[in-house]
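Asks: Before we start, here is the structure in question, set down as structure tokens.
The values are calculated or read from the model by the stated rules, or taken from the named source; none is laboratory data. Just so it is clear, the model here is predicted, and its values are computed rather than measured. For neighbour counting, all protein chains shown are included, and Cβ atoms are generated from backbone atoms with ideal geometry for every residue, glycine included. All accessible areas refer to the heavy atoms of the entire protein, side chains included, with ligands and DNA or RNA removed. Shrake-Rupley method; radii C 1.70, N 1.55, O 1.52, S 1.80 Å.
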Amino acid sequence: MAATRSTGTALDKAGLGVKFLGSAVLAGILVAGMALPAVGAFGLTAKDTAESFDNIPDDFKTPTLSQASMIYDAKGGLIAKVYDRDRTILTAEQMAPVMRQAQVDIEDARFYEHGAVDLKGVLRAATKNAESGTTAQGASTLTQQYVKNVFVEQAGDDQQAFLEATKKSMGRKIQELKYAIKLEEDLSKDQILTNYLNITFYGHQAYGIEAASNRYFSKSAKDLTIPEAAMLAGLVQNPSAYDPITHPQAAQTRRNTVINKLLEYKHISADDAKAAIASPLGIKYSEPQNGCITAQNGMGYFCDYVRHVIKQDPVFGKTAAERQKVWTQGGLRINTTIDPDKQHDMYNAVTKKVYVTDKVSAAGTMVKPGTGEILAMAQTRPYGLDESKKQTVLNLNVGSSMGGGSGFSPGSTFKPILAAAALESGVPITQELSSPPTMDYPRVNTCGAPWVNNSKPIATVENESSKEIGPYSMQVAMQKSVNTYFVQLEQQTGLCPMKQMADKLGVGTLANGSKLKEVPSMVLGTQEVSPLQMASVYAAFAARGTYCAPIALTSVVTSDNKKLDVPKANCSQAMSETTADGVNTLLLGVTEKGTGSSLGLDDGRQIAGKTGTTDFRYAAWFTGYTPDLATSVWLGGVGGNVSMKDINIGGKYFNAVYGADGPGPIWQMAMNDALDGTSKSTFQVVNIAPPSTTTPPPATDNPGDPSGDNAGGGNGNGGNGNGGGNNGGGNPGWPTGGFTFPPTGGNSGKPGHR
């Protein structure tokens, strides 16, 4: 079926040398054969035309065509196909020969015979137009059509540029002709045809023959039959009028016209033509599968995160425009860190334990310690724009700059950061503090001027219960999440070392992009962060102090097999290994004897972690880990304003939600499945000498949390005055959970809870 090139007639050969014609002849050709009014109507003289022709640059280059990009998981599975224009570039050998021939026969039957301009066609068009008294007949060659398509491609979504590329003007036609001549000098006819078939629009978001073949027939262009190829070739003239979905009869009539052309030019037999015309359209339509909305197992949010990485990380371009160009041009093979099995496990847990119809939602992220690799990212509500189906595109696992919201107060899950700062600055892990049931916030040193308790009324903090009276050791205080202990430890350590440790662990910048404030409530987790941030913090503990910035990409390869740089984890030692071992020892105590003791895994392996709740039970957390996997789970209202008291979640009634019984079981389910069958790693621990003989009274257990802290930390009910989690202990009359700050003077004024 391969076409052969004819030597052409003398007139055809003249067409090859049209650039040497006089300007008057050129103008006449354009007027007669290209459906344009007289030159004079444009205010152009013969001299103007010649000069315009000569001034057009010779270095016309075909653009890099925008293509679809493919995003893959860590095992090579396709997550999603994303594109601005659905296109896959093919070589000539990857196209069915009949498709190539059909396009030539219907668009420019003499394509292989004439040059950049078809003088015979021009004369024919001029005659037809003269006879009819109209300008209905045109004579643009396939090469000229290709040039026009290049201009349209370059215009992209710029409407003004598109109108300029498609308007009928003498200047535009001269420009197209000049570029067509240049192309015919530089490229073979087969190359031009291949480029044409890759750039042309076939309707229904399909650019190029491969996308069109997949759209209408659910097959590759190399497998097209005669009637299929004929239908697609016929679409080019008017994709809307010949749309086989909305106008099947018109499409079939047009298809048959193409089939008859193939027969007329002896490129198919009479029997083939008869059979093709008798066949139905045979449409097997495939909806455009564009974007993250098509991703399975809740990967839509991770897919969207990948998009944000490419469009925002400087490694893909110094400016936003450069990065946008990388994304828009597409043709990328994007390999990611996401583990499809762990993603399934995380997605299963957040959707089984929390229903999409519940008042609250859950989100969870898994990170591999020592690498920063994001292994899973899931949330309860499906990715999409249909609010009636509870869909959203807001990624609750990440901050606002990466497609998320403003984050959530982490409550007591923030306390280990202070513990790390304290141990790193020389505070012994055996440190005992008086830890009264309630206390005023003390004067605290910051990186600048000391914080002084000037609020009216004086800002105070309370423990979970009035029976929680110290002294407590650091180990017991972490197990019970004793608020006053950590505020005293904060005073001893200073806010500056804690802020510096937070910076090293990736939480110095909050989910909304602002900087972490140096206020005493910082230790109680009153300022909003994301699950991805907290998973990365705890991954650093698991990696014995090595913090790695979270990464989503392992490689990005362009359509021409060029490997692009990808963002690096830039791992660094945020604390000494001894400090990390100390924190791990403290957090092992939480899961063995403290607020997380109900969350052990089925295989009995070591786990460490911390519960957390916030004011009014607006959010509850459990962030836990093994040496090999760190997972942070958040539970709460999407807008941060659903009080999780007297509430049904996942078909279960909760009098009040705590970190151990709300997000904790989600974490437990996901980790049980994710670690099933893997080797059991153990933590390096430090030997903690027995505390003094003073025996503190047992904490009052909340019925929903056998540990007595049950979520610790989070303000009000664990947060700013949080009371170690459990019931929080915050004075219900104070919206900040037991203390307030003045609005000025750098003392916070706003605890960060919602």
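Asks: What is the one condition in (1) of a type in the set (Gly, Ala, Ser); (2) in contact with a His (Cβ under 8 Å, 6 or more places away or on another chain); (3) buried (at least 24 other Cβ atoms within 10 Å of the Cβ) that residue 421 does not satisfy?
Replies: Answer for residue 421: the failing condition is (2).
Asks: Where in the range 464-532 are there helices (runs of 4 or more DSSP H), lying fully within it, with 3 or more residues that are closer than 27 Å to residue 395 by Cβ and under 40 Å from the mean Cα position of the chain (by Cα)?
Replies: Details: elements: 474-480, 483-493, 495-504.
The helices (runs of 4 or more DSSP H) meeting that bar are 495-504.
Asks: Here is a further query. Does residue 331 satisfy the condition of being within 25 Å of residue 643 (Cα to Cα) and in contact with a strand residue (DSSP E or B) (Cβ under 7 Å, 6 or more places away or on another chain)? Break it down into steps so the answer makes sense when it comes.
Replies: Details: within 25 Å of residue 643 (Cα to Cα): no; in contact with a strand residue (DSSP E or B) (Cβ under 7 Å, 6 or more places away or on another chain): yes.
Answer is no for this residue.
Asks: List every residue pair whose Cβ atoms sit under 7 Å apart, with the two residues 6 or more apart in sequence or on different chains, where the first one lies in the range 280-306 and is under 30 Å from residue 259 (Cα atoms) and assigned to a loop (DSSP other than H, G, I, E, B) and the second, anywhere, is open to solvent by less than 30 Å² (accessible area, probe 1.4 Å) and of a type in the set (Gly, Ala, Ser).
Replies: Every condition considered, the pairs that remain are 281/251.
Asks: Does the range 349-391 hold any residues that are in a strand (DSSP E or B), open to solvent by 40 Å² or more (accessible area, probe 1.4 Å) and farther than 21 Å from residue 675 by Cα, and which are they? Please lay out each step first, then the result.
Replies: Of the residues in the range 349-391, the ones in a strand (DSSP E or B) are 361-367, 373-379, 383.
With open to solvent by 40 Å² or more (accessible area, probe 1.4 Å) added as a condition, the list becomes 373, 383.
Selection gives 383 alone.
Asks: Residue under question is residue 351, and the condition is that it be polar (S, T, N, Q) and in contact (Cβ under 8 Å) with a residue 60 or more places away in the chain; does it hold? Even if it seems obvious, please write down each step before you answer.
Replies: Working: polar (S, T, N, Q): yes; in contact (Cβ under 8 Å) with a residue 60 or more places away in the chain: no.
Answer is no for this residue.
Asks: Give the residue that is farthest from residue 668 (Cα to Cα), with candidates limited to residues of the range 307-347 that are part of a loop (DSSP other than H, G, I, E, B) and charged (D, E, K, R).
Replies: 318
One line per residue, one yes/no per condition, for (1) in contact (Cβ under 8 Å) with a residue 24 or more places away in the chain; (2) open to solvent by 10 Å² or more (accessible area, probe 1.4 Å); (3) under 21 Å from residue 260 (Cβ atoms):
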| site | (1), (2), (3) |
| --- | --- |
| 179 | yes, yes, no |
| 188 | no, yes, no |
| 192 | yes, no, no |
| 203 | yes, no, no |
| 207 | yes, yes, no |
| 220 | yes, yes, no |
| 224 | yes, yes, yes |
| 236 | yes, yes, yes |
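Asks: For residue 595, indicate whether it is assigned to a loop (DSSP other than H, G, I, E, B) and crowded, with 24+ Cβ neighbours inside 10 Å. Step through it out loud before you land on a result.
Replies: On the way: assigned to a loop (DSSP other than H, G, I, E, B): yes; crowded, with 24+ Cβ neighbours inside 10 Å: yes.
Spelling it out, residue 595 is indeed assigned to a loop (DSSP other than H, G, I, E, B) and crowded, with 24+ Cβ neighbours inside 10 Å.
Asks: So, in the range 321-366, how many residues would count as being among the aliphatic types (A, V, I, L, M) and under 16 Å from residue 566 (Cα atoms)? Even if it seems obvious, please write down each step before you answer.
Replies: Keep residues of the range 321-366 that are among the aliphatic types (A, V, I, L, M), which gives 321, 326, 332, 334, 338, 346, 349-350, 354, 356, 360, 362-363, 366.
Cutting the leftovers down to under 16 Å from residue 566 (Cα atoms) gives us 326, 332, 334, 338.
Of the residues in that region, 4 qualify.
Asks: Quick check on this structure: which one of 240, 269 is open to solvent by 30 Å² or more (accessible area, probe 1.4 Å), of a type in the set (S, T, N, Q) and modelled with pLDDT under 95? Before you say what the answer is, go through the steps one by one.
Replies: Details: 269 fails: modelled with pLDDT under 95.
Answer to the check: 240.
Asks: Just one of the numbered conditions (1) open to solvent by less than 30 Å² (accessible area, probe 1.4 Å); (2) in contact with a helix residue (DSSP H, G or I) (Cβ under 7 Å, 6 or more places away or on another chain); (3) within 19 Å of residue 539 (Cβ to Cβ) is not true of residue 327; which one?
Replies: (3)
Asks: Now for a separate question. Can you find a residue that is of a type in the set (S, T, N, Q), touching a residue at least 40 places away in the same chain (Cβ under 8 Å) and within 30 Å of residue 569 (Cα to Cα) anywhere in the range 491-505? Lay out the reasoning, then the answer.
Replies: As a first pass, look at the range 491-505 and keep what is of a type in the set (S, T, N, Q): 491-493, 500.
In the following step, the residues that additionally are touching a residue at least 40 places away in the same chain (Cβ under 8 Å) were identified as 491-493, 500.
With within 30 Å of residue 569 (Cα to Cα) added as a condition, the list becomes 493, 500.
Checked the range 491-505: at least one residue is of a type in the set (S, T, N, Q), touching a residue at least 40 places away in the same chain (Cβ under 8 Å) and within 30 Å of residue 569 (Cα to Cα).
Asks: Quick one: count up the residues across the range 473-519 that are open to solvent by 30 Å² or more (accessible area, probe 1.4 Å) and among the β-branched types (Val, Ile, Thr).
Replies: Here the count works out to 2.
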